[in-house]
Amino acid sequence: MVSTSEGVRLIAAETGRLKQYVNCTGSDEWALNSPCEGWTVGDVIGHLGWAADFFADAISNGRNGITSPPKGLPEAGSIPSLEENAPGSS
């Protein structure tokens, strides 16, 4: 496991690589199919941007002692696991 400071350095490095990729992506390439079935390159980049914002907020909330789920999401543990829904489980 990496230290927090090493994790921050890794995230910064990957963010830089992603920024370079996005800046070098031509407008005609955003609509191309990505390796993710059913998603375009633009869909994937949009998803990564959304996820970055979502997790940055969640991490900031946690660091400030806010442990409730983000708005619109259920409380932790309120959704049954797949094993609980499996046939024959009771």
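Listed residues LEU32, LEU18, LEU73; which is surrounded by 11 or more Cβ atoms within 10 Å (Cβ to Cβ) and touching a residue at least 24 places away in the same chain (Cβ under 8 Å)?
On the way: LEU32 fails: touching a residue at least 24 places away in the same chain (Cβ under 8 Å); LEU73 fails: touching a residue at least 24 places away in the same chain (Cβ under 8 Å).
Answer to the check: LEU18.
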### Task
Take segment 35-60 and flag every residue that is under 26 Å from LYS71 (Cβ atoms) and exposed (fewer than 11 other Cβ atoms within 10 Å of the Cβ).
TRP50, ALA51, ASP53, ALA56, ILE59, SER60
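Could we say that ASP57 is under 30 Å from PRO74 (Cβ atoms), in a helix (DSSP H, G or I), modelled with pLDDT of 95 or more and not hydroxyl-bearing (Ser, Thr, Tyr) here?
Working: under 30 Å from PRO74 (Cβ atoms): yes; in a helix (DSSP H, G or I): yes; modelled with pLDDT of 95 or more: no; not hydroxyl-bearing (Ser, Thr, Tyr): yes.
No: the conditions fail for ASP57.
The values are calculated or read from the model by the stated rules, or taken from the named source; none is laboratory data. Worth saying up front: this structure is predicted, and the values here are computed from it rather than measured. Positions of Cβ are backbone-derived with ideal geometry, glycine not excepted, and every protein chain shown enters the neighbour counts.
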